[in-house]
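Here the structure is laid out as structure tokens; the discussion comes afterwards.
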Amino acid sequence: MWGPSIVAFGRHHYVHETGRSGDTVAIGFSVRKQALVLYGVSHDGQQEENVELAARLGPHSTGKGCLYIKKLSDVDLEILTVMVKNAYKHRANA
């Protein structure tokens, strides 16, 4: 668990251009009232393959590093699985 409501896998250390650094989840998810939130899966410019996959995923929206899905049954689960694996591989090894 990462905080009270995020199920997390792995740890990702980041360093901003300003020099600020910290740790966050490699990938994680949380069920919110409005949507299922997947942390670290969204295409953040460093996961080129996920940018292409997101176009075929189905209805979703993105935020800073987050992927929001209103209904899991509306998205292609095979594509989502590949996106999660890509993100974990990228972020857990960064």
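List of remarks:
- Per-region count, segment 33-42, residues assigned to a loop (DSSP other than H, G, I, E, B) and more than 8 Å from the chain's Cα centre (by Cα): 3
- For segment 73-91, a residue qualifies if it is more than 12 Å from VAL41 (Cβ to Cβ) and not charged (D, E, K, R), and the qualifying residues are SER73, LEU77.
- Scanning segment 2-23 turns up at least one residue that is surrounded by fewer than 19 Cβ atoms within 10 Å (Cβ to Cβ), in contact (Cβ under 8 Å) with a residue 12 or more places away in the chain and assigned to a loop (DSSP other than H, G, I, E, B).
- Here the condition is being among the hydroxyl-bearing types (Ser, Thr, Tyr), at pLDDT 90 or above and more than 15 Å from the chain's Cα centre (by Cα); of SER73, SER30, SER61, it holds for SER73 alone.
- Residues (in contact with a helix residue (DSSP H, G or I) (Cβ under 6 Å, 6 or more places away or on another chain), touching a residue at least 24 places away in the same chain (Cβ under 8 Å) and surrounded by 16 or more Cβ atoms within 10 Å (Cβ to Cβ)) located in segment 44-78: GLN47, ASN50, LEU53, LEU57
The values are calculated or read from the model by the stated rules, or taken from the named source; none is laboratory data. Just so we're clear, the structure is a prediction, and the values are computed from it rather than from any experiment. A quick note on method: Cβ atoms are made from the backbone with ideal geometry, for glycine too, and the neighbour counts reach across all protein chains shown.
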